[in-house]
1. Quote to one decimal, in nm, the extra length available between ALA440 and SER237 on full extension: 0.36 nm per residue of separation minus the C-alpha distance between them.
2. Just rank TYR453, TYR107, fewest to most, by other beta-carbon atoms within 10 angstrom.
3. Over the C-alpha atoms of the stretch 371-441, what are the Rg and the largest Cα-to-Cα span, Dmax, in Å?
4. For the pair ASN377 and GLU53, how long in nm is the line joining their label points, each one 7 Å along Cα→Cβ?
5. Take the Cα gyration tensor of the stretch 436-477, multiply each eigenvalue by 5, square-root it, and list the three semi-axes largest first, rounded to whole angstrom.
6. Using 1/(1 + (r/R0)^6) with R0 = 45 angstrom and r between the beta carbons of ALA328 and GLN154, what's the FRET efficiency to the nearest 0.05?
7. How much FRET efficiency would the formula 1/(1 + (r/R0)^6) give for GLU72 and ASN427, where r is the Cβ-Cβ distance and R0 is 60 Å, rounded to 0.05?
8. What's the extension gain from THR211 to ARG289 if we count 0.36 nm per residue and subtract their Cα-Cα distance?
Amino acid sequence: MSNDRYVSPLSERYASREMQYIFSPDKKFRTWRRLWIALAETEKELGLNITDEQIEELKSHADDINYDVAKEREKIVRHDVMSHVYAYGVQCPKAKGIIHLGATSCYVGDNTDIIVMSEALKLVRRKLINVIAELAKFAEEQKSQPTLAFTHFQPAQPTTVGKRATLWMQEFEMDLEDLDYVLGSLKLLGSKGTTGTQASFLELFDGDQETIDKIDPMIAEKMGFKACYPVSGQTYSRKVDTRVLNVLAGIAASAHKFSNDIRLLQHLKEIEEPFEKTQIGSSAMAYKRNPMRSERIASLSRYVMIDALNPAITSATQWFERTLDDSANKRLSVPEGFLAIDGILDLCLNVVDGLVVYPKVIEKRLMSELPFMATENIMMDAVKAGGDRQELHERIRELSMEAGKNVKENGLDNNLLELIAEDQAFNMSLEDLKKTMDPAKYVGRAREQVDAYLKNVIYPLLQENEKELGMKAEINV
């Protein structure tokens, strides 16, 4: 690593080597050669004068790219595609005359972009499924642990720790649905020429329309795709990039929400993200355990959400059959979106896999608020014992205000139960009141909802994707 020039943190700190390779020059140029082979094979099979010997020569040099030759040639011609056509031809003298025959630069450039995004989405998908799997384990383990729920970050009716985890899980599951739709809809550009009219192939095949109609489907099949986009300009529609980056932005939003909740829970000391034995939380405050991984998730997620604007604006501002103001932007926005979401999902997987739950702290906070939440049950019991509901409702309101004042203004413990026990209108002892303080009575159907969601939605999903499971995340920093 050089210390005298800028290096992207996405590659040095956050993204996995696997995702980095997908967007590497080597992956790109190897894919170019695969596309040139597919084009030559297709043209030969459709009747052009291309020999088996030429095809075999191309295949024999598909992976040993002579980068030095391509680099020197590009200094002269200032064109990356033609430089690599030349370099490939140097290695394949018998086939050099038929490399890139009838094609334009976008044949290799745009088709490669689609192939690369497809492979990157598959890696994102695998990591997303593993995050969901880890959340499912956590939800199952914690489905019966009562905890104080919050609306507006104010104490609300209790839930369980596991039920809260299903809320995170469901958002990631929705992202998976979006990803599968977009991944399943990706098509290759094919080979349509400079303005998408296939005019060059009309010349090559002497105007044979039926033969020309076979070119794109044959290329798609050779490259592992179901189809090519039926119409295009010189490029595939840049709206495709918008759809892909919107999927990444959706995952980022879900991850951001998850990380925010973990950060708040760590502040409350109820749940903590993993903390290494030798990890330092603060250079000044040695006791600190900062939720730095969740903070990093939030930080990178904001980047991805904003990054999704790039392809949207690029798509909106393309002119007619093509302009080149997309190129520099695409080189940044698409790879960086994927590299960042890759790092985000690794962090999510690491955090979920190592979450630490503190039941005693959870119980203490819940019990401090539970008397307020139990007042309706207490009132019903008092009515059954002969009390007047309207009068009891007013008394509970007054006593709740008094107990709240004791907590907020005087810093005392919640003494609502004691105040109710002392009020003759309720005719209930403190012992009777304390019997109503079982948190499990106030979590509704939280446990049952976790069971049903896992059984009906998540476990079938994980079973369908069993081969994708078992990933572990490596965190560099």
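Since every read-out is calculated from the coordinates, none of them should be taken as a lab result. Every value quoted in this text rests on a predicted model; they were computed, and no experiment measured them. Here Cβ is always computed from backbone atoms with ideal geometry, including for glycine, and neighbour counts include all displayed protein chains.
1. Working: separation 203, 0.36 × 203 = 73.08 nm, distance 5.49 nm.
Length gained between ALA440 and SER237: 67.6 nm.
2. TYR453, TYR107
3. So, for the stretch 371-441, Rg and Dmax equal 11.7, 35 Å respectively.
4. 8.9 nm
5. Details: eigenvalues 210, 71, 5 Å².
Whole-Å semi-axes of the equivalent ellipsoid: 32, 19, 5.
6. Values: r = 48 Å, r/R0 = 1.07.
That pair, ALA328 with GLN154, gives E of 0.40.
7. Details: r = 97 Å, r/R0 = 1.61.
After rounding to 0.05, the efficiency reads 0.05.
8. Working: separation 78, 0.36 × 78 = 28.08 nm, distance 6.71 nm.
This chain segment gains 21.4 nm when fully extended.
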